[in-house]
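Below is one structure, written out as structure tokens; the observations come after it.
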Amino acid sequence: MATLLELDNVFKRFGGIVATNGLSFNVEKGESLALIGPNGAGKTTIFSLIMGEIRQNSGAIRFKGHDISALPTHERIKRGISRTYQVPRPFGDMDVAQNIRVGMTPDNLWQMVFGAPDLQAELEIARSVGFREEDLARTPSTLSMGDLRKLELARTLATKPEIMLLDEVFAGLTVAEIDQIAELLAEKRKEGMTFIIVSHDLRALEPLVDRAVAMTFGKAIAEGSFGEVMGDAAVRAAYLGE
Amino acid sequence: MTRVITLRQAALWLIFALVMLALPQFVSNGTMRIMIFANFLAIFAMSWDFLSGKTGYVSFGHPFLVGIGAYTTAILSYRFGVPIAVSIPLAVLATLVGGTLFFLPALRIKGTYFALVTLAFMELMYQLIQVIRPDLTGGTRGMSGIKTLVSGAAPNYYLSFGLMFVIALALWMLSRTRLGTSLDAISMNEEAVSGSGLNTTRLKLVAFMVSASVAGLGGAFYVHYLGSIAPRALFDINFVFTIIVSALIGGSATIIGPMAGAFFMTFLLEYLRPILPGSERYFVYGLIALVLYVYQPKGIFAIVDDLRNGKLRLPGRAANGDAA
């Protein structure tokens, strides 16, 4: 497998707090990696750094072998990286179809003005995350948390990513909704999508990942298969308080 | 939405144009002059809406852009004898330069801070016009005797309506493309637009440029309608509020709403004039605006939409008619 994403000795400070302390890990193409750790470990910061929403103080982030550290967020999206957020961020006054449409819109003024939206593709993306055709006209205020998570996934998929960063993708969901999203992710995995998944729901997470990296205080403390990492004494002490 | 304009919408635009073009046959010259002002206010309100209503970057200094257009063509035609056919396009170009200046703060600030900076732009322009080359600008007293394009109420009405109609249709169609959708999305969550792979800096620049060119075009035609220009009349906070309230009363980010709001505001202020000749009438329009915002913050446009969909509710009642 070829390395798709590489974090190389990445440091990020917020004033006196070190959020990411020389973190390094790789994600191979088609791999699904779990990023686990207690609250405040720096998991979301890693996602924000990979997306270019914040910039690291030192170290490099490489995608397909190219250093993307200097690129703005939208350029990273165009290269094939996309993320969801802990708290879903839909466009509140737009319906499901329009939310997906923004994700599908090419970053080209001419095409934005003179190109027509691909309604069939919008419907296919909506269906791929479990929406029905009649859901396209619904606005986010009428959606359940599970549906909002699906909308986040749909908007992310609309950007045609090669790697998806999923932040607390199961948070706030009912058991049935967790199963539905897990099934969806398993499906995407089969199709060859690469993932980094952050979740505290270890039961739902385990079958979805090939490997795990455990973090605390911005440092990786264990790396390996999910079972190995969860069996690690340092991880159990930091994460499970054992 | 597969097409930017449907047959039914095209028919509605055509009917609107025909009704407006027929109006001079039925109304007095006085009413026509009110409508001329309403047409220009609609242009300024739509210009404001394309920037502030769509992207959420609220401009309190829109007369800065209107003023660049108005002063450029006034100086060129009045002082240097440049034909209006040349001075107006040059005025729009000058406004685009001004729009770029206006845009720079939006790279770093938003919300209240951006609004205050734009207000500062207007005040700065007001001061500069009076002290920098008053021999050109006319200083505090401004300029009068500026060439007009046509004379008489009806020709001016047709000209101002024609300009307003073309701008309204163009902005409305533009707002229905994916560019319009992306600009709307910026006002809702700019980071998420960037996270959708779109260059938000470029999108905002486009919104500023379109808004500036419309403001400049409107300002240029307005000064050639009035035949005079004075800094206090143009760079005035009441003028700013009239533009903004028109857009908000009509329904921001809809283009049609600000156009309707401009007509509503103009006629409201005119009909209040005999009853309240002083500035007290601004209290009345403030009160109406307040009641409207409390009832329906999205303005007249949303109320008409609710009426059409049978969702209109009375205050204190839920949308479906159930007691709240």
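Hey, among A:89, A:83, which residue is touching an Asp or Glu at 6+ places or on another chain (Cβ under 7 Å) and within 27 Å of residue A:144 (Cα to Cα)?
Just one listed residue meets the conditions, A:83.
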Need a quick list: helices (runs of 4 or more DSSP H) entirely within the stretch A:55-147 having at least 3 residues that are closer than 14 Å to residue A:157 by Cβ. A:96-104, A:119-128
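Quick check on the stretch B:185-195: of everything there that is without any contact (Cβ under 8 Å) to a residue 24 or more places away in the chain and of a type in the set (A, V, I, L, M), which residue is farthest from the other protein chains (Cβ to nearest Cβ)? Reasoning before the result, please.
Narrowing the stretch B:185-195 to residues without any contact (Cβ under 8 Å) to a residue 24 or more places away in the chain: B:185, B:189, B:191-195.
Narrowing the set further to residues that are of a type in the set (A, V, I, L, M) leaves B:185, B:192-193.
Working: B:185: 5, B:192: 5, B:193: 7 Å.
Step by step, filter the stretch B:185-195, then rank; the result is B:193.
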Taking the stretch B:189-205 and keeping residues among the aliphatic types (A, V, I, L, M) and crowded, with 20+ Cβ neighbours inside 10 Å leaves B:192, B:193, B:198, B:203
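Against the condition more than 18 Å from residue B:187 (Cα to Cα) and touching a Lys or Arg at 6+ places or on another chain (Cβ under 6 Å), how does residue B:87 come out, does it pass? Please lay out each step first, then the result.
Values: more than 18 Å from residue B:187 (Cα to Cα): yes; touching a Lys or Arg at 6+ places or on another chain (Cβ under 6 Å): no.
Against the criterion (more than 18 Å from residue B:187 (Cα to Cα) and touching a Lys or Arg at 6+ places or on another chain (Cβ under 6 Å)), residue B:87 does not qualify.
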Selection over the stretch B:1-28 where residues are among the polar types (S, T, N, Q) and surrounded by 13 or more Cβ atoms within 10 Å (Cβ to Cβ) yields a count of 1
So, of the residues in the stretch B:147-179 that are in a loop (DSSP other than H, G, I, E, B) and hydroxyl-bearing (Ser, Thr, Tyr), which turns out to be farthest from the other protein chains (Cβ to nearest Cβ)? B:151
Just checking, which of A:105, A:174, A:139 is more than 11 Å from chain B (Cβ to nearest Cβ) and under 19 Å from residue B:187 (Cα atoms)? A:139
Look at residue B:92 and say whether it is in contact with a helix residue (DSSP H, G or I) (Cβ under 6 Å, 6 or more places away or on another chain), surrounded by 13 or more Cβ atoms within 10 Å (Cβ to Cβ), touching a residue at least 12 places away in the same chain (Cβ under 8 Å) and closer than 17 Å to residue B:55 by Cβ. no
Breaking point among (1) farther than 22 Å from residue B:17 by Cα; (2) away from chain A (no Cβ under 14 Å); (3) part of a helix (DSSP H, G or I); (4) in contact with a Leu (Cβ under 9 Å, 6 or more places away or on another chain), for residue B:182: (2)
Looking only at residues that are outside any helix (DSSP H, G or I) and under 21 Å from the mean Cα position of the chain (by Cα) in the stretch A:222-235, which one is surrounded by the most Cβ atoms within 10 Å (Cβ to Cβ)? A:222
Is there any pair with a first residue in the stretch A:228-242 that is under 12 Å from residue A:36 (Cβ atoms) and a second that is at pLDDT below 85 and surrounded by 12 or more Cβ atoms within 10 Å (Cβ to Cβ) whose Cβ atoms are under 6 Å apart and which are 6 or more apart or on different chains, and what are they? A:229/A:235
Does any residue in the stretch B:31-49 that is on the phi > 0 side of the Ramachandran plot come within less than 9 Å, Cβ to Cβ, of a residue that is in a helix (DSSP H, G or I) and surrounded by fewer than 24 Cβ atoms within 10 Å (Cβ to Cβ) six or more places away or on a different chain, and which pairs are these? none
How many of the residues in the stretch B:48-87 are surrounded by fewer than 24 Cβ atoms within 10 Å (Cβ to Cβ) and of a type in the set (A, V, I, L, M)? 7
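The rows are residues; the columns are (1) within 15 Å of residue B:230 (Cβ to Cβ); (2) touching a Lys or Arg at 6+ places or on another chain (Cβ under 8 Å).
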residue	(1), (2)
B:72	no, no
B:105	no, no
B:117	no, no
B:126	yes, yes
B:141	yes, no
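Is there a residue in the stretch B:96-113 that is among the polar types (S, T, N, Q) and crowded, with 16+ Cβ neighbours inside 10 Å? Before you say what the answer is, go through the steps one by one.
Just the residues of the stretch B:96-113 that are among the polar types (S, T, N, Q), to begin with: B:100, B:112.
So of that shortlist, the ones also crowded, with 16+ Cβ neighbours inside 10 Å come out as none.
No - not one qualifying residue is present in the stretch B:96-113.
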Enumeration of residues in the stretch B:209-230 that are surrounded by 24 or more Cβ atoms within 10 Å (Cβ to Cβ) and polar (S, T, N, Q): B:211
For the stretch A:155-171, how many residues meet the condition of being farther than 23 Å from residue A:28 by Cα and either among the acidic types (Asp, Glu) or more than 11 Å from chain B (Cβ to nearest Cβ) (or both)? 2
It is to be established whether one or more residues within the stretch B:231-252 are within 14 Å of chain A (Cβ to nearest Cβ) and either in contact with a helix residue (DSSP H, G or I) (Cβ under 8 Å, 6 or more places away or on another chain) or surrounded by 22 or more Cβ atoms within 10 Å (Cβ to Cβ) (or both). yes
If you go through the stretch A:42-96 one residue at a time, how many are more than 10 Å from chain B (Cβ to nearest Cβ) and aromatic (Phe, Trp, Tyr)? 2
Hey, does the stretch B:161-172 have a residue that's without any contact (Cβ under 8 Å) to a residue 60 or more places away in the chain, under 24 Å from residue A:155 (Cα atoms) and among the hydrophobic types (A, V, I, L, M, F, W, C)? no
In the stretch B:196-209, anything assigned to a helix (DSSP H, G or I) and either under 12 Å from the mean Cα position of the chain (by Cα) or facing chain A (nearest Cβ under 8 Å) (or both) is listed as B:200, B:202, B:206
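The values are calculated or read from the model by the stated rules, or taken from the named source; none is laboratory data. These numbers were taken from a predicted model, which means no experiment stands behind them. Cβ: placed from backbone, ideal geometry, glycine included. Neighbour counts: every protein chain shown.
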